[in-house]
Amino acid sequence: MARAHAPAPMAETPATPGMFAACPRGLEGALAAELAGLGASDCRTLAGGVLFGGERAVAYRANLWSRLASRVLRQVAQRRYRDDDDLYRLALGVQWERFFDARHSLRVDLSAVRSPLRSLNYATLRVKDGIVDRLRERTGARPSIDTRAPDARVFAHLEDRQATLYLDLSGEPLFKRGWRSGRDDKGRAPLKENLAAGLLALSGWTPGTPLYDPFCGSGTIVIEAAQLAFDIAPGLQRPFALERLLDHDEPLWASLRAEAIRRAQAAAHRGTAPPRLAASDIDRHAIEQSLRNFERAGLPARAIDARVGDAAAARPPFDLPGFIVANPPYGERIEALGATGPSPGARRDAERHERAMRAFGTTLRERFAGWQVWLLSSDQGLPGQLGMKERRRTPLYNGAIECRLFGFEVFARR
């Protein structure tokens, strides 16, 4: 698509943060630290994300390199509002023609916290009307609406008296790294990639330290660890919405991607000892999925030792203690309690789950002395089932499921 406008400048040191990165709830502090490391300024954590400032290169790096963000948005307008007409006027006043035109398809999304407006659907419509009317007035044509795969996406966020409009720079959510291929390789209950990266960040694991996932499923946690160890940018294999915008700076983007490719190549040829990464699962099909995913994720051959195995019979895969970071089965195998109590099937599933966790806890205590164990679960009774006392529990959300990341230290038996 031809570029009709020169790239619009992003303020180098804006008075207020000009961008917002969304993330799973519970990862806001870790995301703020990650963005600061990518050059962001004035990082401010909010529920579900981080406001930050910086030049265009910072926004591009955040999309290409953030392992924790779900989406990066660029703020384009903000004002106080009282009614739906104020939202229309806010949208009408934005120079949308700098970003997209009638050749682009459009989607508008709206979220609200304590908004006084009666209908959020109507508020969304008024924002869309303002955008479309602006483009019709300035360009003579209006974009079509596409709710599935739009070229341009606008997010409106309403607080009690303040409305903010954002332009999406990411497109598909950033946890979609580009290495999964079809439903077959997602597993039965896949962990989103940025949440997997968040578990690693919160655990304190660093490349070079042994890492083992005994409930690996399709391999998401160890893939995130391996891409970190091999300095592979998580967004290197996927497209972004920013590339379709009229103000896209193609030379800058090309240089950042080229730098990311050089870094990955340098890490692959560095000649250092391979990372100590291991994964296992009782399901042979899951291991087959993992092996396919390892290859598509651009990992060197034999970067991860993956094998079929029962976590209850696991043994340390390395001669030195390290970290177990895992997402044991929960939730999807245990039905919610009904009004008249659990069904016989749900009760059997719960009992099977508890037996498996007790057996796994015995294995940890007997064979994994010196290891740190970090387990994500929605089951508040997990420590008791393992027979271990957690040293930390961090609230996290796996989608809509409220979970805890339980951290344990396994001490040598006396």
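So, how do all the Cα-to-Cα distances of the chain break down into 10 Å bins, in percent, from 0 on up? Here the calculated profile for the chain is 4, 20, 28, 23, 16, 8, 1, 0.
If I stretch the segment between residue 144 and residue 125 completely, what's the gain in nm (0.36 nm per residue apart, minus their alpha carbon distance), one decimal?
Working: separation 19, 0.36 × 19 = 6.84 nm, distance 1.38 nm.
Contour length minus Cα-Cα distance gives 5.5 nm.
The label-point distance for residue 318 and residue 347, in a model that sets each label 7 Å from Cα toward Cβ, rounds to 4.5 nm. Sparsely packed loop sites in the range 211-275 (the trypsin sites (Lys or Arg not before Pro) outside DSSP H, G, I, E and B with at most 13 other Cβ atoms within 10 Å) comprise 270. The value obtained for the range 239-302, namely the Cα convex hull volume divided by the number of residues, is 109 Å³ per residue. Counted over all Cα-Cα pairs of the range 219-264, pairs farther apart than 16 Å make up 47 percent. Per residue, how much accessible area does the range 24-121 have with a 1.4 Å probe, in Å²? Result: 43 Å² per residue. If you look at the Cα atoms of the range 14-163, you get an Rg and a Dmax of 15.9, 45 Å.
So for 134, 148, 126, 114, what's the accessible-area order with a 1.4 Å probe, most first?
148, 114, 126, 134
The residues of the range 145-287 present an accessible area of 41 Å² per residue when probed at 1.4 Å with all protein chains retained.
Dividing the summed -39500 (n - 2.57) terms of all DSSP H runs of n ≥ 4 by the residue count of the chain sets its mean residue ellipticity at 222 nm at -10000 deg cm²/dmol. One chain, two ends: residue 89 and residue 159. Fully extended at 0.36 nm per residue, the span grows by 23.5 nm beyond their Cα-Cα distance. First compute the accessible area of the range 108-194 with a 1.4 Å probe, then give the percent of it belonging to carbon and sulfur atoms. Taking all protein chains in place, the range 108-194 shows 43 percent carbon and sulfur surface.
Here is the P(r) of the range 201-317: all C-alpha pair distances, binned every 5 Å from 0, give 2, 11, 19, 19, 17, 12, 9, 6, 3, 1, 1, 0 in whole percents. How large, in percent, is the carbon and sulfur part of the accessible surface of the range 23-84 at a probe radius of 1.4 Å? After summing per-atom areas, the C and S share lands at 45 percent.
For the range 368-410, the share of accessible area belonging to carbon and sulfur comes to 48 percent (1.4 Å probe, ligands and nucleic acids excluded).
Our analysis of the range 347-401 gives Rg over Rh at 0.98, with the two radii drawn from alpha carbon positions and Rh computed by the Kirkwood formula.
Direction-averaged projected area, Cα convex hull, the range 125-174: 4.5 nm², rounded to one decimal. Listed by chain and number, the lysines whose alpha-carbon sits under 20 Å from that of residue 192, ignoring those within fewer than 8 places in the same chain, are 176.
The values are calculated or read from the model by the stated rules, or taken from the named source; none is laboratory data. Remember, predicted model here, so these are calculated numbers, not experimental data. Cβ: placed from backbone, ideal geometry, glycine included. Neighbour counts: every protein chain shown. These accessible areas exclude ligands, DNA and RNA; they are computed on the full protein's heavy atoms, side chains included. Shrake-Rupley method; radii C 1.70, N 1.55, O 1.52, S 1.80 Å.
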